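The values are calculated or read from the model by the stated rules, or taken from the named source; none is laboratory data. None of the values given here were measured: they were computed from a predicted structure. Cβ coordinates were reconstructed from backbone atoms using ideal geometry, including for glycine residues, and neighbour counts include every protein chain displayed.
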Amino acid sequence: MRPATTTLADMTPPWPAPVARGPVRATVPVPGSKSVTNRALVLAALASSPTVLRGPLHSRDTSLMVEGLRKLGTTIDEQSDAWFITPQPLTGPADVGVGNAGTVMRFLLPVAALATGDVHFDGDPRARERPVGPVVEGLRQLGTGITSKNGGLPLTVHGRGWLMGGSVTLDASLSSQFVSALLLTGPRFASGIEVRHNGDRLPSGLHIAMTVEMLRAAGVLVEHTETFAWRVEPGPIHVGSLRIEPDLSNAGPFLAAAMVTAGSVTVPDWPVRTSQAGDKLRHLLERLGGHCELSPRGLTVTGPAELKGMDVDMGDVGELTPVIAAICALATGPSQLRGIGHLRHHETDRLAALSSEITGLGGDVRDTEDGLVITPRPLHGGLFSTYDDHRLATAGAVLGLCVPDVLVEDIATTGKTLPDFVGLWAEMLG
C-alpha cells in the first residue's frame, strides 16, 4: 500500500527516527485532549453563556474546528493558555474547510443546520473518501436540506436557523462520531433528539460516553434509553470554565517508549477518572508485560524485560491500534488485535497501512477483515510511510527506538493532534 498521488510530504526528507541509547527514563507532559477540546468548542458555540476553555489543545484539528465555528459566527479569543468563547447567532453563507478531521467534518454538519443560510463543506482529498453519509441522512430525516453528489464531501447544508428535532435512526458501524455529532447539537433542537444506531456493532463506544458525560456536565438531560439509543432533551447549554485533560491517546507513543526499552516514563496530570478511551492504555500495557502506577505524580509505566504478545478486542479503543501494533511487532510472542475493521475508514486505511509498513521493515503483519495478526520477526531499517496519518507517524517513531535506520515519512503530520512531537520525542530521549 503506497500513496497514489505526489504531495508536498513526498518531497520532504523523511525523519530519521532516533534509536534509544538505553532504557528511556523521562517525565513527559502531554498537551490537552483533542476529543475533549473539539467537543467543548461545539458545546460552547451552542451555549447560552460564554465559556472559558483552559489548557486546550493547539493543533491542526482544533484550529480547523475554531475556524469553522468562527465562520458560522461564533466569537473565539485564543490566548496561550485559555480560549474565551462567546456564542453568537449562527449565520451563513459560509465555506468551512475540514482538513482531514473527522470531528470537524461530522460535528459541524448539525451545527450548520442551525445556521441561517448555506454552509459549504470540503476538505483534504482523503476527507472526500471518509464516510459522513449517516450524519447527512440523519439530518435529512430531521428535515434539513443537504446537497451532495454522493453523500459525502463536498456538500452544502441549507440551514434554516432551527430544527424541530425528533427521532433519527442511522448506522454508526463505521464511526461513533455519527452519533456524537447529533447528540452534541440535540439540546438546540426544538424537541431535542433521539438517536438510534441500527447495526451489528458500534465501535468506539467510549467516545459516545464522553459526549454524554460532557453534555450532562453542561446541564443537559441525556438518557441512555437502550443499548444503542440515546435521548437528549432540549434546553440551555452551560459549559462555564472547563480545564481540558491531557490527551491520553497521544500519551501512547511516550508510554510505549518505556515499554519497548524496559524504561520508565511518567505522564503528569493523568486523571483518576476520565471518559477518554486512552485511559485503557493502562490495561493494554499491563497485558503486554508492563507495570502501570497511577499516583499524584501522574501515570508511570515501567517496561518489562520481555514484551508479551496478546489477543485482544480493541473495538472501543481503535485509535490506540497503531502504537499497540508497534509494541506487538517488538514482542516475543504473536498478537491478534480484533474488532477494529472500522479503522479502514480513518485518516487512512490503518489496517492495510500497518500491515504494509511493519512488514516492509521485515515484520510479519497480516490485516484481516476486522483486525491485525502480528507475528514478531527481526526488523531492519527502511522507509516507514505515514499516509498523512498522525498515528502511523508515531508508530514509526516507536519502532525506530529499537530498530536502527527507520526513516519516517512526513513526521510533520503529527501536528494534526500533537504539535511539536519531534521536540517532545527528543526531550524524552535526553
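Yes or no: SER173 touching a helix residue (DSSP H, G or I) at 6+ places or on another chain (Cβ under 8 Å), farther than 17 Å from THR103 by Cβ and surrounded by fewer than 19 Cβ atoms within 10 Å (Cβ to Cβ)?
Values: touching a helix residue (DSSP H, G or I) at 6+ places or on another chain (Cβ under 8 Å): yes; farther than 17 Å from THR103 by Cβ: yes; surrounded by fewer than 19 Cβ atoms within 10 Å (Cβ to Cβ): no.
In short, no.
Out of LEU206, LEU215, LEU221, I need the residue that is in contact with a strand residue (DSSP E or B) (Cβ under 9 Å, 6 or more places away or on another chain), touching a residue at least 60 places away in the same chain (Cβ under 8 Å) and under 29 Å from GLY315 (Cβ atoms). Which one?
Step by step, each of LEU206, LEU215, LEU221 is checked, and only LEU215 is in contact with a strand residue (DSSP E or B) (Cβ under 9 Å, 6 or more places away or on another chain), touching a residue at least 60 places away in the same chain (Cβ under 8 Å) and under 29 Å from GLY315 (Cβ atoms).
TRP15 - would you say it is surrounded by 21 or more Cβ atoms within 10 Å (Cβ to Cβ), more than 15 Å from the chain's Cα centre (by Cα) and within 30 Å of ARG297 (Cβ to Cβ)?
Working: surrounded by 21 or more Cβ atoms within 10 Å (Cβ to Cβ): yes; more than 15 Å from the chain's Cα centre (by Cα): yes; within 30 Å of ARG297 (Cβ to Cβ): no.
In short, no.
Out of GLU427, GLU369, which single residue is among the acidic types (Asp, Glu) and touching a residue at least 60 places away in the same chain (Cβ under 8 Å)?
On the way: GLU369 fails: touching a residue at least 60 places away in the same chain (Cβ under 8 Å).
GLU427 is the lone residue from the list that is among the acidic types (Asp, Glu) and touching a residue at least 60 places away in the same chain (Cβ under 8 Å).
Go through the residues of segment 89-98 one by one and say whether even a single one is touching a helix residue (DSSP H, G or I) at 6+ places or on another chain (Cβ under 6 Å), touching a residue at least 40 places away in the same chain (Cβ under 8 Å) and either buried (at least 24 other Cβ atoms within 10 Å of the Cβ) or under 23 Å from VAL212 (Cβ atoms) (or both).
Yes: segment 89-98 contains one or more residues that are touching a helix residue (DSSP H, G or I) at 6+ places or on another chain (Cβ under 6 Å), touching a residue at least 40 places away in the same chain (Cβ under 8 Å) and either buried (at least 24 other Cβ atoms within 10 Å of the Cβ) or under 23 Å from VAL212 (Cβ atoms) (or both).
Residues that are of a type outside the set (Val, Ile, Thr) and more than 25 Å from the chain's Cα centre (by Cα): does segment 95-106 have at least one?
Step one: of segment 95-106, the residues of a type outside the set (Val, Ile, Thr) are 95, 97, 99-102, 105-106.
Next cut, more than 25 Å from the chain's Cα centre (by Cα) only: none.
Within segment 95-106 (the criterion being of a type outside the set (Val, Ile, Thr) and more than 25 Å from the chain's Cα centre (by Cα)), the answer is no, since none of the residues qualifies.
Within the bounds of segment 401-412, is there any residue that is outside the structural domain of ARG130 (by TED's automatic domain parsing), surrounded by 18 or more Cβ atoms within 10 Å (Cβ to Cβ), touching a residue at least 40 places away in the same chain (Cβ under 8 Å) and out of contact with any helix residue (DSSP H, G or I) (no Cβ under 9 Å at 6 or more places or on another chain)?
yes
Quick check, is THR417 touching a residue at least 60 places away in the same chain (Cβ under 8 Å) and touching a Phe, Trp or Tyr at 6+ places or on another chain (Cβ under 6 Å)? Break it down into steps so the answer makes sense when it comes.
Values: touching a residue at least 60 places away in the same chain (Cβ under 8 Å): yes; touching a Phe, Trp or Tyr at 6+ places or on another chain (Cβ under 6 Å): no.
So THR417 fails the test.
If a residue must be without any contact (Cβ under 8 Å) to a residue 60 or more places away in the chain and within 15 Å of LYS280 (Cβ to Cβ), how many such residues does segment 325-337 contain?
Of all residues in segment 325-337, those without any contact (Cβ under 8 Å) to a residue 60 or more places away in the chain come to 328, 331-337.
Narrowing further to those that are within 15 Å of LYS280 (Cβ to Cβ): 337.
Residues meeting the conditions: 1.
Taking only segment 183-216 into account, find how many residues are assigned to a helix (DSSP H, G or I), under 23 Å from ARG140 (Cα atoms) and small (Gly, Ala, Ser).
1
Working carefully through the options VAL104, VAL135, find the one that is buried (at least 24 other Cβ atoms within 10 Å of the Cβ), of a type in the set (A, V, I, L, M, F, W, C) and farther than 20 Å from ASP171 by Cβ. First the steps, then the outcome.
On the way: VAL135 fails: farther than 20 Å from ASP171 by Cβ.
Being buried (at least 24 other Cβ atoms within 10 Å of the Cβ), of a type in the set (A, V, I, L, M, F, W, C) and farther than 20 Å from ASP171 by Cβ holds for just one of VAL104, VAL135, which is VAL104.
For THR359, indicate whether it is of a type in the set (Ser, Thr, Tyr) and within 28 Å of THR62 (Cα to Cα). I'd like the intermediate steps shown before the answer.
On the way: of a type in the set (Ser, Thr, Tyr): yes; within 28 Å of THR62 (Cα to Cα): no.
No; evaluated as a whole, the condition is false for this residue.
Those residues that are polar (S, T, N, Q) and more than 29 Å from THR332 (Cβ to Cβ), I need them from segment 262-294; list them, please. Full working, then the answer.
The first filter runs over segment 262-294 and keeps only residues polar (S, T, N, Q), leaving 264, 266, 274-276.
Answer for segment 262-294, where residues must be polar (S, T, N, Q) and more than 29 Å from THR332 (Cβ to Cβ): THR274, SER275, GLN276.
Read through the list (1) buried (at least 21 other Cβ atoms within 10 Å of the Cβ); (2) not assigned by TED's automatic domain parsing to the domain that holds ARG391; (3) not hydrophobic (A, V, I, L, M, F, W, C), then give the number of the only condition that GLY252 fails.
Going through the list (1) buried (at least 21 other Cβ atoms within 10 Å of the Cβ); (2) not assigned by TED's automatic domain parsing to the domain that holds ARG391; (3) not hydrophobic (A, V, I, L, M, F, W, C), GLY252 breaks only (2).
Does THR27 satisfy the condition of being over 26 Å from GLY152 (Cβ atoms), assigned by TED's automatic domain parsing to the domain that holds ASN250 and among the hydroxyl-bearing types (Ser, Thr, Tyr)?
Here the answer is yes, as THR27 does meet what is asked.
Given the condition free of Cβ contacts under 8 Å to residues at least 60 places away in the same chain, more than 30 Å from ALA331 (Cα to Cα) and in contact with a Phe, Trp or Tyr (Cβ under 9 Å, 6 or more places away or on another chain), answer yes or no: does some residue in segment 242-250 qualify? Working first, answer last.
Let us first name the residues in segment 242-250 that are free of Cβ contacts under 8 Å to residues at least 60 places away in the same chain, namely none.
Within segment 242-250, none of the residues are free of Cβ contacts under 8 Å to residues at least 60 places away in the same chain, more than 30 Å from ALA331 (Cα to Cα) and in contact with a Phe, Trp or Tyr (Cβ under 9 Å, 6 or more places away or on another chain).
Residue-wise test of (1) more than 16 Å from LYS34 (Cα to Cα); (2) assigned by TED's automatic domain parsing to the domain that holds ILE340; (3) of a type outside the set (Val, Ile, Thr).
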residue	(1), (2), (3)
ALA181	no, no, yes
PRO187	yes, no, yes
ARG201	yes, no, yes
GLY205	yes, no, yes
ILE208	no, no, no
LEU215	yes, no, yes
TRP230	yes, no, yes
PRO236	yes, no, yes
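If we scan segment 217-226, do we find a residue that is surrounded by 21 or more Cβ atoms within 10 Å (Cβ to Cβ), assigned to a loop (DSSP other than H, G, I, E, B) and at pLDDT 95 or above?
The first filter runs over segment 217-226 and keeps only residues surrounded by 21 or more Cβ atoms within 10 Å (Cβ to Cβ), leaving 218, 220.
Add one more test, that the residue is assigned to a loop (DSSP other than H, G, I, E, B), and what stays is 218, 220.
If we keep only those that are at pLDDT 95 or above as well, we get 218, 220.
Checked against the condition, which is being surrounded by 21 or more Cβ atoms within 10 Å (Cβ to Cβ), assigned to a loop (DSSP other than H, G, I, E, B) and at pLDDT 95 or above, segment 217-226 yields at least one hit.
Conditions: (1) in contact with a helix residue (DSSP H, G or I) (Cβ under 9 Å, 6 or more places away or on another chain); (2) surrounded by fewer than 19 Cβ atoms within 10 Å (Cβ to Cβ). SER295 meets all but one. Number of the miss?
Against the list (1) in contact with a helix residue (DSSP H, G or I) (Cβ under 9 Å, 6 or more places away or on another chain); (2) surrounded by fewer than 19 Cβ atoms within 10 Å (Cβ to Cβ), SER295 comes up short only on (1).
Test LEU284 against the criterion of being in a strand (DSSP E or B), under 23 Å from PRO23 (Cα atoms) and either of a type in the set (A, V, I, L, M, F, W, C) or assigned by TED's automatic domain parsing to the domain that holds LEU337 (or both), and give yes or no. Show your work before the answer.
Values: in a strand (DSSP E or B): no; under 23 Å from PRO23 (Cα atoms): yes; either of a type in the set (A, V, I, L, M, F, W, C) or assigned by TED's automatic domain parsing to the domain that holds LEU337 (or both): yes.
No: the conditions fail for LEU284.
Just one of the numbered conditions (1) under 23 Å from the mean Cα position of the chain (by Cα); (2) within 22 Å of GLY400 (Cβ to Cβ) is not true of TRP270; which one?
Only one criterion is unmet by TRP270, namely (2).
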